[in-house]
Amino acid sequence: MNKNLTRRSFVASATAAAGMALAACGGSNAAPEASGDALTPITFCLDYTPNTNHTGIYVAQEQGFFAEEGLDVTIVQPAEDTAEAMLGTGQAQFGISYQDYIANSYAGGNTGLVAVAAVIQHNTSGIMSPKELGVTSAKGMEGLRYATWEMPVEQATVKQVVEKDGGDFSKVQLVPYTVDDEISGFKADLFDTVWVYEGWAVQNAIVQGYEANYFSFISIDDVFDYYTPVIAANTAFCEENPEVVKAFLRAAKKGYEFAIADPDAAADILCTAVPELDPALVKQSSSFLAGEYQSDAASWGLIEADRWSAFFQWLNDNNLVETPLDVNAGWTMDYLEA
């Protein structure tokens, strides 16, 4: 497993996980049957390999929070597609997704999933670069090489922040992104700037003692304060089993609240469950994310209508989706209890 995951790895490289075993689960939207006092089996699909975005789920499992709610949760990784396909077909009842990927699913006709909780309250992604280049805002990307994934939404995002910062996007050199370890890429002089998640890549730079600069997209334009990642659920499953969905979210919320209160202990739980992870990076990342899971929200998991719809409207306005989106679709707070 690659320990230096990137957004591309998280959401665009599902084929890398093709050889991983996937727990058997059916395509029914009904709650899996449990007899007597038996726990109700639930399948939870990750977006990629385990990382600190998933800590609260592993904590809820290890601490018995799911069992207390009458649930037996199996955590799986996507084998031949991302979590959206499994959620949309009911092969998994819950999973990790992103607002922009839910947008793509809805625009493509897959409305079988819905966001039910925000894993991290604000978008913690942005641009990282070697410190010696002095790139402290988007305009500074002019004349430098940006490691692109060649995705329309990605390039439109970078274009907007560069231009809003007073820069000229045409002066940014786009080079193919071909590695998963940003620090190695910098050291090999493959690129100068790259889109990263602060909670992983920036913390990895700290752990490695590599001096880097970073600026967030939301420091330049609020429209990019969308929800990434989220817990999503199968839409029909939610409608048919509302109490099960509420129970799952109660347990998950406890898991993330544990990770907020004691990030070191939560990191230990994740590393025990997934021993191939780098403990130093997991602890560093967990410490950072403890302040980001809930951030300034009244409680963990809340999704705000205005922020959700603003990003969907931006996708519509920039013709970045196959068909126009209902800007109020794709999420619900009906199952998350305060």
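Each value in this text was obtained by applying a stated rule to the coordinates, not by laboratory testing. Only a predicted model underlies this, so the values are computations on that prediction, with no experimental measurement involved. All Cβ positions, even for glycine, are placed from backbone atoms using ideal geometry, and neighbour counts span all protein chains on display.
What are the pairs with Cβ atoms under 8 angstrom where one residue, in segment 141-161, is more than 13 Å from residue 193 (Cα to Cα) and the other, located anywhere, is assigned to a helix (DSSP H, G or I) and among the aliphatic types (A, V, I, L, M)? Sequence gap at least six, or different chains.
As it stands, the answer is 151/12; 153/315; 160/223; 161/138, since those pairs meet every condition given.
Conditions tested, residue by residue: (1) surrounded by fewer than 23 Cβ atoms within 10 Å (Cβ to Cβ); (2) among the acidic types (Asp, Glu); (3) touching a residue at least 40 places away in the same chain (Cβ under 8 Å).
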residue: 180; (1), (2), (3): yes, yes, yes
residue: 193; (1), (2), (3): no, no, yes
residue: 212; (1), (2), (3): yes, no, yes
residue: 243; (1), (2), (3): yes, yes, no
residue: 254; (1), (2), (3): yes, no, yes
residue: 257; (1), (2), (3): yes, yes, yes
residue: 272; (1), (2), (3): yes, no, yes
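Please note which helices (runs of 4 or more DSSP H) are completely contained in segment 55-108 and include at least 3 residues that are within 14 Å of residue 43 (Cα to Cα) and touching a residue at least 12 places away in the same chain (Cβ under 8 Å).
55-62, 83-89
Scan segment 114-137 for residues that are among the small types (Gly, Ala, Ser), assigned to a loop (DSSP other than H, G, I, E, B) and out of contact with any Gly (no Cβ under 8 Å at 6 or more places or on another chain) and report the count.
1
I need the helices (runs of 4 or more DSSP H) fully contained in segment 224-313, keeping only those with at least 3 residues that are within 23 Å of residue 71 (Cα to Cα).
Because the criterion is at least 3 residues that are within 23 Å of residue 71 (Cα to Cα), the helices (runs of 4 or more DSSP H) in segment 224-313 that meet it are 235-240, 242-261, 263-273.
Report whether or not residue 263 is crowded, with 21+ Cβ neighbours inside 10 Å and without any contact (Cβ under 8 Å) to a residue 40 or more places away in the chain.
Answer is yes for this residue.
Go through segment 55-70 and count every residue that is out of contact with any Lys or Arg (no Cβ under 9 Å at 6 or more places or on another chain) and surrounded by fewer than 24 Cβ atoms within 10 Å (Cβ to Cβ).
Of the residues in that region, 6 qualify.
Quick check on segment 128-137: of everything there that is buried (at least 16 other Cβ atoms within 10 Å of the Cβ) and in contact with a Phe, Trp or Tyr (Cβ under 7 Å, 6 or more places away or on another chain), which residue is farthest from residue 191 (Cα to Cα)?
Top of the filtered list is 137.
Could you check how many residues of segment 156-178 are buried (at least 16 other Cβ atoms within 10 Å of the Cβ) and in a loop (DSSP other than H, G, I, E, B)?
Going through segment 156-178 one residue at a time, the tally reaches 4.
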